[in-house]
1. Tell me, yes or no, whether the stretch 154-169 has at least one residue that is farther than 26 Å from residue 81 by Cα, in a loop (DSSP other than H, G, I, E, B) and open to solvent by 40 Å² or more (accessible area, probe 1.4 Å).
2. Residues 112, 46: which one is touching a Lys or Arg at 6+ places or on another chain (Cβ under 9 Å) and either closer than 22 Å to residue 196 by Cα or hydrophobic (A, V, I, L, M, F, W, C) (or both)?
3. Yes or no: the stretch 132-148 includes at least one residue that is under 30 Å from residue 50 (Cα atoms), under 24 Å from the mean Cα position of the chain (by Cα) and assigned to a helix (DSSP H, G or I).
4. Could you say which residue among 175, 143 is within 30 Å of residue 206 (Cα to Cα) and modelled with pLDDT of 95 or more?
5. Looking only at the stretch 302-345, count how many residues are without any contact (Cβ under 8 Å) to a residue 24 or more places away in the chain and open to solvent by less than 40 Å² (accessible area, probe 1.4 Å).
6. Please state which one of 21, 65, 9 is more than 20 Å from the chain's Cα centre (by Cα), within 22 Å of residue 328 (Cβ to Cβ), touching a residue at least 40 places away in the same chain (Cβ under 8 Å) and crowded, with 18+ Cβ neighbours inside 10 Å.
7. Of 199, 186, 204, 195, which residue is touching a Pro at 6+ places or on another chain (Cβ under 6 Å) and buried (at least 16 other Cβ atoms within 10 Å of the Cβ)?
8. Scan the stretch 114-122 and tell me whether some residue there is under 21 Å from residue 24 (Cβ atoms) and modelled with pLDDT under 95.
Amino acid sequence: MNKKGLGIVVGGGPAPGINAVISAATIEAINQGFEVFGFYDGFKWLCSDKFDPGIHIAPLSIARVARIHFVGGSIIRTARTNLLDDKLLKTSTRVAPDSGKLDRVLSRFSELGVNHLVTIGGDDTALSARFISEKAGESLRVVHVPKTIDNDLSLPNNIETFGYSTARNIGAELVKNLMQDSHTTGRWYLVEAMGRKSGSLALGIGQSAGATLTLIPEEFTGLTTIQSISDVLEGSILKRRAMGRPDGVAILAEGLAYRLGDAAELERLLGSTVPVDAAGHPRLSEFPLVEFLKKEIEGRFEARGDKLTLTVHTLGYELRSADPNPADVAYCRSLGHGCIRFLRNTY
């Protein structure tokens, strides 16, 4: 391996700190003699027959990435395209690569002289990186950087996933404002926070802001119902009223929707098909959990001849591309630098 070409691919949803990983990896790689290529929009164009090197590649230099670690988003953007066989996912639980997509990606890397790869992303991107590594063998070294604001990975020493710290900080600040509005107007807010199967982000926001209560899926040992979740919320509202407080803010993890049952049950509740993502997971952003709860609780108060004002709010997209806080900047720069050290030490 005389010529050293490094490719960087970002997949999945944004998270604060992506640019810090890209920056540190690029700088360290160039200092070690690599030529660095950023690929726009994840695997979207790499696995497409419409790939155009003049449009879909971002040659990365130290001058270009030297200050991007302060900035949210991704300078090479991101996409949810993966290398999984979509047809197989629709008919079984077995996961395998799409051989056509995989061959196109490896062919592009070979043509460009890319023999080292850094992928930044979640589950689907990590799986795609694994398929690439297995198919390429010794001709391509691959390292993956896990990315999710959900903080749903069991990392060593209880280390948080990158982007979580920033998302929690911003989320807590927004909830603080809602709490002030709640107190001023005497109303209740139901706030839904991102987290497919983990309540970590919701819990972190709720703890930091001192929300009235926070409900996460981990508190339920099995399946539950809209009515059971509403029981908890209604009890909190009544208790606050007995204490002379008509206001409150409840944080609910979106992953609570999975505790209502499988995709078929979610579709029954919704009365229509629940959209799924590229890997077949129900898109919880399309399932109006807090709207169901709002309707149920307001109906209960109305049945008693009482009136309750509930306002719903979703925390999610405004957290993902925020400028990273210093903790995430430092963390992600270490990850980017570590990627190159790892790649260099594997041969």
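1. Taking the stretch 154-169 and keeping what is farther than 26 Å from residue 81 by Cα, we get 156-159, 165, 168-169.
Next, from what is left, pick out any that are in a loop (DSSP other than H, G, I, E, B): 159.
Now drop any that are not open to solvent by 40 Å² or more (accessible area, probe 1.4 Å), which leaves 159.
The answer is yes, given that some residue of the stretch 154-169 is farther than 26 Å from residue 81 by Cα, in a loop (DSSP other than H, G, I, E, B) and open to solvent by 40 Å² or more (accessible area, probe 1.4 Å).
2. 46
3. Restricting attention to the stretch 132-148, the residues satisfying the condition of being under 30 Å from residue 50 (Cα atoms) are 132-148.
So of that shortlist, the ones also under 24 Å from the mean Cα position of the chain (by Cα) come out as 132-133, 142-148.
Keeping just the survivors that are assigned to a helix (DSSP H, G or I) gives 132-133.
Among the residues of the stretch 132-148, at least one is under 30 Å from residue 50 (Cα atoms), under 24 Å from the mean Cα position of the chain (by Cα) and assigned to a helix (DSSP H, G or I), which makes the answer yes.
4. Numbers: 143 fails: within 30 Å of residue 206 (Cα to Cα).
The conditions single out 175.
5. Summing the residues that are without any contact (Cβ under 8 Å) to a residue 24 or more places away in the chain and open to solvent by less than 40 Å² (accessible area, probe 1.4 Å) in the stretch 302-345 gives 1.
6. On the way: 21 fails: more than 20 Å from the chain's Cα centre (by Cα); 9 fails: more than 20 Å from the chain's Cα centre (by Cα).
Being more than 20 Å from the chain's Cα centre (by Cα), within 22 Å of residue 328 (Cβ to Cβ), touching a residue at least 40 places away in the same chain (Cβ under 8 Å) and crowded, with 18+ Cβ neighbours inside 10 Å holds for just one of 21, 65, 9, which is 65.
7. Values: 186 fails: buried (at least 16 other Cβ atoms within 10 Å of the Cβ); 204 fails: touching a Pro at 6+ places or on another chain (Cβ under 6 Å); 195 fails: touching a Pro at 6+ places or on another chain (Cβ under 6 Å).
Checking each option against the conditions leaves just 199.
8. The initial filter retains those residues of the stretch 114-122 that are under 21 Å from residue 24 (Cβ atoms), namely 114-122.
Applying the additional criterion that residues be modelled with pLDDT under 95 yields 122.
Yes: the stretch 114-122 contains one or more residues that are under 21 Å from residue 24 (Cβ atoms) and modelled with pLDDT under 95.
The values are calculated or read from the model by the stated rules, or taken from the named source; none is laboratory data. Just so you know, these numbers come straight off a predicted model, no measurement behind them. We place every Cβ from the backbone using ideal geometry, glycine too, and count neighbours over all the protein chains shown. All accessible areas refer to the heavy atoms of the entire protein, side chains included, with ligands and DNA or RNA removed. Shrake-Rupley method; radii C 1.70, N 1.55, O 1.52, S 1.80 Å.
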